[in-house]
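The values are calculated or read from the model by the stated rules, or taken from the named source; none is laboratory data. Quick caveat: nothing in here was measured; it's all calculated off a predicted structure. Cβ: placed from backbone, ideal geometry, glycine included. Neighbour counts: every protein chain shown. With ligands, DNA and RNA removed, areas are computed over all heavy atoms of the protein, side chains included. Shrake-Rupley method; radii C 1.70, N 1.55, O 1.52, S 1.80 Å.
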Amino acid sequence: MGKSTITARDVSTALDERSREIFRRIVETYLESGEPLGSRNLSRILPMSLSPASVRNVMSDLEELGLIYAPHISAGRLPTQTGLRFFVDAFMQVGSLTQDERGSIERQMRSSEDQTVETLYNEASRMLSGLSRGAGLVVAAKADPALKHVEFIRLEPTKALAVLVGEHNQVENRIIELPAGVTASQLTEAANFLNAHLSGQTLHEVRSQLVKLKEQVATELDVLSQDLVARGLAIWAGEDGDKATRLIVRGRANLLEGVAGADDIDRLRLLFDDLERKESLIEILNLADSGPGVRIFIGSENKLFSLSGSSLIVAPYRDGDDRIVGAVGVIGPTRLNYSRIVPMVDYTAQVMAKLTRNGH
């Protein structure tokens, strides 16, 4: 589908006004309809007077630059992946959301403000799907709530239920292995120590605080209780990797619209398989974190979805300490309406950040 080593600066230098206009029309037609645009139709809609033969000469030059290609013999032209990237970088005007659009996003997101964090994630992904006609996604890192209360409940001689209650009454129950010989009084002692010294802090802060409290822990707790405290905190902090991140995707059916060929269906199957893989979650967060603001990945630029030929528009959202705690985005075909979707994703990430800081 053409060369991919040419830089945007090289292309800009090589294109005169009519070449740029012809290229822009080919891309815009593709983004609107998915259809190739031929020289005869191009000559009719151009603002300058050019014969179909002249248009074909320009198209030949654009093809040589790797910006467009002919899907069939004697057909019109479509943009290559390189062409789409050049269009996004050099031509695309990112629109602004209207007040009504911003208000609509806020209302839909805030409708779940008094509900669970899971509801918020589902609402965000569903809303992005509906607005973009692609698949909306939310990637959320595991929450790090402030501790409110800690309790250990013995289940078996060597197992206990560790109960963590967060500041917004979130409850997480995890089974932990007990050190050999731990008594009921030591379970209580370890929980009391944590509640007395570490209540109101996040798990990240707790782990840092424990280092500072090492001498005090050694003074106040015996060896088995110290071991118990360390085991409980390790599991709550997610060192086992369970549920470190989660992915919510809504609107997969949108990706099936207009799909007819077996090749397209196979590509979508690959995409859905990619989304089920656990590594995908970390990869999406890494992509969101690899630059400021909204990132656009077209086709094989993103190794995660390269086989399915899908595009990803993604933006991170941050907590009050400016740490990335998740990402929102849209996945779809390469002919997504980038200029319209980019500000949607950006604003949704801003709203997610506000709601997350306010207790979600």
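The figures follow:
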| read-out | value |
| --- | --- |
| Backbone HN-Hα couplings from phi across the stretch 151-167 [Karplus 6.51/-1.76/1.60, Hz, Gly and Pro as x] | 8, 10, 10, 5, 9, 9, x, 10, 9, 9, 9, 9, 10, 10, 10, x, 5 |
| Interchain or long-range residues, amide H under 5 Å from Ala146's placed H | Glu167 |
| Efficiency of FRET between Glu106 and Asn337 - r from beta-carbon atoms, R0 30 angstrom, step 0.05 | 0.90 |
| Dipole moment magnitude, nearest 20 debye, the stretch 74-114 about Cα centre, only Lys, Arg, Asp, Glu C-beta charged | 320 debye |
| Flagged links, alpha-carbon separation over 29 Å, of Lys148/Lys212; Lys214/Lys354; Lys159/Lys214; Lys148/Lys214 | Lys214/Lys354 |
| Interchain or long-range residues, amide H under 5 Å from Gln170's placed H | none |
| Whole-Å distance, taken between Cα centres, linking the stretch 30-59 and the stretch 82-134 | 33 Å |
| Charge tally in the Cβ shell below 15 Å around Gly293, where Lys, Arg are +1 and Asp, Glu are -1, Gly293 excluded | -2 |
| Derived scalar couplings ³J(HN,Hα) [the stretch 92-99; Karplus, 6.51 cos²θ - 1.76 cosθ + 1.60; whole Hz; x for Gly, Pro] | 5, 9, 6, x, 9, 6, 6, 4 |
| Solvent exposure, largest accessible area first (probe 1.4 Å, DNA, RNA and ligands not counted), of Asp321, Asp16 | Asp321, Asp16 |
